[in-house]
Amino acid sequence: MKITSLDKLKAGEKGKVISVNLTGKIKYRLLDMGIVKNTIIEMTKKAPLGDPIQIFIKGYSLSIRKKIAEKIEVEVTS
Amino acid sequence: MIYALVGNQNCGKTTIFNEITNMNQHIGNFPGVTVDIKVGKINDNCEIVDLPGLYSLNTYTKEEKISKEFILNHKPNVIINVVDATNIERNLYLTLQLKSLGVPIVIALNFLDELESNKGKIDILELEKRIGLPIVPLTTVTKKEVNEILVKANQISNNYTSIIKEYDDVTEKNITKKYSDIEKICYGIVFIPQQNKIKKKNYKIDKLLTNKILGIPIFIAIMYIIFYLTFNVLGEYFSDLINLGIATVKDLVENFLISHHTNKIIQTLIIEGIFNGIGAVLSFLPIIIILYFFLSLLEDSGYMTRIAFILDKPLSKIGLSGRSAVAILLGFGCSVPAILSTRTIQSERERKLTMMLVPFMSCSAKIPIYAIFISLFFEKYASFAMLLIYTIGAIIGIIITAILNKIIKKEQNATFIMELPNYRFPTFKNTWLLMWNKTKEFIEKAFSIIFISSMAIWFLKSFDTNLLLVSEEKSMLAQIGQKISPIFKPLGFSDWRIVTSIITGISAKETVISTLSILTKTSIETLPYILSRIFTIQSSISFITFILLYTPCIAAISTIKKEFNLKTAIMISVNQCLIAYFISFAIYRLSNLLFYFF
């Protein structure tokens, strides 16, 4: 069982959300978009210039900046 | 009665709205709602509104706030909640929030055809039971399917009691619980294969379009192709066609007036004032519509969000976000929708900076002006010259934004969270309706603001202050123009007719050309010839630069005022004028120097 932050996942790797260590509006938006505890997130890719990243979650693709991904703690599942 | 279409972004809401309303749609004004919302008529006592997409009632962007406030304050009789079946869990999150408001809801379950082609399945009857709301399944959104929605909506419209304005969502615990409720609702009746065709298809397209090496070059190439097709190929062909039509009608009318010995003043009013004025503007309608056609393809196909994805990092360097890219690109069409599109930007600071950058993106109303000057001096390099003009505007805008970014106080909450929707083929109907609405808007503008200003210009240039009919050199307009024209001497163009056209351009950029046409007493075909005697290459470059950069039109200024405040609006227009003046001056001097040496 390996725990890391979301931005550290490699393309194609999956992780289970443990916690979203943010506050305020950004945190609630991430929760609203389905990044809640125990959700599986798949890292798809980075943008051509390295930031933001593209993730796959609950059947859709979402793009967020690395700075936010650093604050999302996940347990690597595959 | 009012029905409200509510749903996440990219859930296919607009397609449903278009199928219900067809051409019966307009921008509605609701008391208390300061923004434009699309309204369509269903029948004599029932209207439907298309609210901006939202993910949650915990609103995040201005656009979402607009939708939420509409639901709470205008109390639609029925909410038609559009749910994307391929992405059902996140879509149902909003559904559960809406349900707690107590408003009658009918769910329109969209994209079931995509789901099925993907070997996915939903037990709709059981879902209806578990969620406690009526569901209408949609596949290709036919007339029959949307009628079913309206029938269901009508059935439940009497269930309305009162709206509950409190809902208890803003804790992590509550949100997590809602999502686990959704999992329970979907358990055993919603089946979406893990490795599915849609995902693979999107992955493949993204592999190319947001490719690490090719992504940015492809973006540039696509923009170039759009410019090339718009300005060199399609636009030119259709514009020539319209010109021919206008010239034919004009000749017929002129002959008619002469053969019936109509009053000379009325003759010149109709021919010089109306035909030359409006004709000059109308002939550019095709170019503008074609540009909108391509912009709508970018948006509806899903590529626009990929542009935002690619450009977020460089844009964040100057205090903007990837979402600003959408506003920037729309700015090439018209500043007004571009400024409105900034509502999807969450941070107020990013939003303001984006709004300030938009006027540097040359709007389509300026195309006729460039086109004429390019045909004068740079005919061979038309699309390259166009691209150069647009690029110069963008670069200057970026420099100014970078400077503002250093000056304006930083903000904590600025970030970028955006869905990358599935790639979809734009539907014929959506594209067609958009082009139809834009054409309608443009023609209305031509026959209102441009018509009035054409008449006013004709009047001012035909009479002197004693209301005597005089030659234009002695007219009121000439007198005013000659007072102002010395200001523009350092920029290389001080002819009073040119200066007048710059001033009328503030009302709408299209009037620059109509004013020039009227003042030089010529139609659009011979205008370049007349202008070639007024301008040198250097002064025409300076003039184009000034037009590119100076104040946005009245419509854009008032939109900025509505979205922010009067102070910002005035500041933006004054700044643009100053920037335009100094840069045109510099370019004029520089090009004189170059021509001196070479």
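What do you reckon, is B:THR415 within 14 Å of chain A (Cβ to nearest Cβ), among the β-branched types (Val, Ile, Thr) and either closer than 24 Å to B:ILE372 by Cβ or not in a helix (DSSP H, G or I) (or both)? So that I can check it myself, show each step before the final result.
Working: within 14 Å of chain A (Cβ to nearest Cβ): yes; among the β-branched types (Val, Ile, Thr): yes; either closer than 24 Å to B:ILE372 by Cβ or not in a helix (DSSP H, G or I) (or both): yes.
Here the answer is yes, as B:THR415 does meet what is asked.
Confirm whether B:PHE293 is among the aromatic types (Phe, Trp, Tyr) and under 13 Å from the mean Cα position of the chain (by Cα).
For B:PHE293, the condition - among the aromatic types (Phe, Trp, Tyr) and under 13 Å from the mean Cα position of the chain (by Cα) - is met.
When you look at B:ILE274, is it surrounded by fewer than 17 Cβ atoms within 10 Å (Cβ to Cβ) and over 30 Å from B:LEU330 (Cβ atoms), yes or no? I'd like the intermediate steps shown before the answer.
Working: surrounded by fewer than 17 Cβ atoms within 10 Å (Cβ to Cβ): no; over 30 Å from B:LEU330 (Cβ atoms): yes.
Taking the combined requirement at face value, the residue does not satisfy it.
Assess whether B:SER383 counts as being assigned to a helix (DSSP H, G or I), among the small types (Gly, Ala, Ser) and assigned by TED's automatic domain parsing to the domain that holds B:SER316.
Numbers: assigned to a helix (DSSP H, G or I): yes; among the small types (Gly, Ala, Ser): yes; assigned by TED's automatic domain parsing to the domain that holds B:SER316: yes.
Yes: the conditions hold for B:SER383.
With the structure loaded, tell me whether B:LEU297 is closer than 23 Å to B:SER383 by Cα and at pLDDT 85 or above or whether it fails that test.
Numbers: closer than 23 Å to B:SER383 by Cα: yes; at pLDDT 85 or above: yes.
Spelling it out, B:LEU297 is indeed closer than 23 Å to B:SER383 by Cα and at pLDDT 85 or above.
Please work out if B:GLN194 is without any contact (Cβ under 8 Å) to a residue 24 or more places away in the chain, under 29 Å from B:ASN43 (Cα atoms) and over 34 Å from the mean Cα position of the chain (by Cα). Talk me through it step by step, then tell me what you get.
Values: without any contact (Cβ under 8 Å) to a residue 24 or more places away in the chain: yes; under 29 Å from B:ASN43 (Cα atoms): no; over 34 Å from the mean Cα position of the chain (by Cα): yes.
No.
Scan segment B:473-494 residue by residue and report those that are without any contact (Cβ under 8 Å) to a residue 60 or more places away in the chain and either of a type in the set (Lys, Arg) or buried (at least 21 other Cβ atoms within 10 Å of the Cβ) (or both).
Let us first name the residues in segment B:473-494 that are without any contact (Cβ under 8 Å) to a residue 60 or more places away in the chain, namely B:473-489, B:493-494.
Those that are without any contact (Cβ under 8 Å) to a residue 60 or more places away in the chain and either of a type in the set (Lys, Arg) or buried (at least 21 other Cβ atoms within 10 Å of the Cβ) (or both): B:LYS474, B:SER475, B:LEU477, B:ALA478, B:GLY481, B:LYS483, B:PHE488, B:LYS489, B:PHE493.
Taking segment B:1-37 only, how many residues are at pLDDT 80 or above and under 12 Å from B:LYS429 (Cα atoms)? Spell out the reasoning first.
Let us first name the residues in segment B:1-37 that are at pLDDT 80 or above, namely B:1-22, B:37.
From what's left, under 12 Å from B:LYS429 (Cα atoms): B:14-22.
The number of residues fulfilling the criteria is 9.
Within segment B:166-192, can you find the residues that are surrounded by 13 or more Cβ atoms within 10 Å (Cβ to Cβ), touching a Gly at 6+ places or on another chain (Cβ under 7 Å) and outside any helix (DSSP H, G or I)?
Across segment B:166-192, the qualifying residue is only B:ILE192.
Answer yes if at least one residue in segment B:9-28 is buried (at least 23 other Cβ atoms within 10 Å of the Cβ), of a type in the set (Val, Ile, Thr) and touching a Leu at 6+ places or on another chain (Cβ under 8 Å), and no otherwise.
Yes, there is a match, as at least one residue in segment B:9-28 is buried (at least 23 other Cβ atoms within 10 Å of the Cβ), of a type in the set (Val, Ile, Thr) and touching a Leu at 6+ places or on another chain (Cβ under 8 Å).
Yes/no matrix, rows are residues, columns are (1) in contact with a strand residue (DSSP E or B) (Cβ under 6 Å, 6 or more places away or on another chain); (2) assigned to a loop (DSSP other than H, G, I, E, B); (3) at negative phi:
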| residue | (1), (2), (3) |
| --- | --- |
| A:ILE3 | yes, no, yes |
| A:SER19 | yes, no, yes |
| A:LYS25 | no, no, yes |
| A:LEU30 | yes, no, yes |
| A:GLU42 | yes, no, yes |
| A:ASP51 | no, yes, yes |
| A:ILE68 | no, no, yes |
| A:VAL74 | yes, no, yes |
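Taking the stated definitions as given, is A:ILE53 farther than 19 Å from B:TYR55 by Cα, β-branched (Val, Ile, Thr) and either at the interface with chain B (Cβ under 8 Å from one of its Cβ atoms) or under 12 Å from the mean Cα position of the chain (by Cα) (or both)?
Values: farther than 19 Å from B:TYR55 by Cα: yes; β-branched (Val, Ile, Thr): yes; either at the interface with chain B (Cβ under 8 Å from one of its Cβ atoms) or under 12 Å from the mean Cα position of the chain (by Cα) (or both): yes.
When the stated conditions are applied, A:ILE53 passes them.
Filter segment B:250-262 down to residues that are in contact (Cβ under 8 Å) with a residue 12 or more places away in the chain and of a type in the set (A, V, I, L, M, F, W, C) and give me whichever is surrounded by the fewest Cβ atoms within 10 Å (Cβ to Cβ).
Pass one, segment B:250-262, residues in contact (Cβ under 8 Å) with a residue 12 or more places away in the chain: B:250, B:253-254, B:257.
Right, trim to of a type in the set (A, V, I, L, M, F, W, C) and you get B:253, B:257.
Numbers: B:VAL253: 15, B:LEU257: 17.
For segment B:250-262, the residue satisfying everything is B:VAL253.
Filtering segment B:106-132 down to residues that are free of Cβ contacts under 8 Å to residues at least 40 places away in the same chain and in contact with a strand residue (DSSP E or B) (Cβ under 7 Å, 6 or more places away or on another chain), which residue is farthest from the other protein chains (Cβ to nearest Cβ)? Full working, then the answer.
Residues of segment B:106-132 free of Cβ contacts under 8 Å to residues at least 40 places away in the same chain: B:107, B:109, B:112-113, B:116, B:124-125, B:128-129, B:132.
Cutting the leftovers down to in contact with a strand residue (DSSP E or B) (Cβ under 7 Å, 6 or more places away or on another chain) gives us B:107, B:109, B:112, B:124, B:128.
Numbers: B:ILE107: 17, B:LEU109: 14, B:LEU112: 14, B:ILE124: 18, B:GLU128: 21 Å.
Step by step, filter segment B:106-132, then rank; the result is B:GLU128.
Table: residues versus (1) in a helix (DSSP H, G or I); (2) more than 25 Å from B:SER283 (Cα to Cα); (3) at pLDDT below 95.
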site: B:SER540; (1), (2), (3): yes, no, yes
site: B:THR551; (1), (2), (3): no, no, yes
site: B:ILE572; (1), (2), (3): yes, yes, yes
site: B:ILE579; (1), (2), (3): yes, yes, no
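Name every residue in segment A:9-43 that is under 26 Å from B:LEU208 (Cβ atoms) and within 10 Å of the chain's Cα centre (by Cα), in order of residue number.
Correct list: A:LEU9, A:LYS14, A:ILE41, A:GLU42, A:MET43.
Counting only residues that are buried (at least 20 other Cβ atoms within 10 Å of the Cβ) and out of contact with any Ser or Thr (no Cβ under 8 Å at 6 or more places or on another chain), which one in segment A:2-27 is farthest from the other protein chains (Cβ to nearest Cβ)?
Of everything passing the filter in segment A:2-27, A:LEU9 is farthest from the other protein chains (Cβ to nearest Cβ).
Tally the residues that are in contact (Cβ under 8 Å) with a residue 12 or more places away in the chain and either touching a Gly at 6+ places or on another chain (Cβ under 7 Å) or within 14 Å of another protein chain (Cβ to nearest Cβ) (or both), restricting the search to segment B:197-237.
Residues that pass the stated criteria total 11.
Please report, ordered by residue number, the helices (runs of 4 or more DSSP H) entirely within segment B:291-356 with at least 2 residues that are within 14 Å of chain A (Cβ to nearest Cβ), more than 19 Å from B:ILE66 (Cα to Cα) and not hydroxyl-bearing (Ser, Thr, Tyr).
Numbers: elements: B:303-317, B:322-331, B:335-341.
Answer list for segment B:291-356: B:303-317, B:322-331.
Residues A:LYS45, A:LYS37, A:LYS67: which one is within 16 Å of B:THR210 (Cβ to Cβ), facing chain B (nearest Cβ under 9 Å) and among the basic types (Lys, Arg)?
On the way: A:LYS37 fails: within 16 Å of B:THR210 (Cβ to Cβ); A:LYS67 fails: within 16 Å of B:THR210 (Cβ to Cβ).
From the options A:LYS45, A:LYS37, A:LYS67, the qualifying one is A:LYS45.
The values are calculated or read from the model by the stated rules, or taken from the named source; none is laboratory data. Computed from a predicted model, the values in this text were never measured in an experiment. Note that each Cβ is placed from the backbone with ideal geometry, even for glycine, and that neighbours are counted across all protein chains shown.
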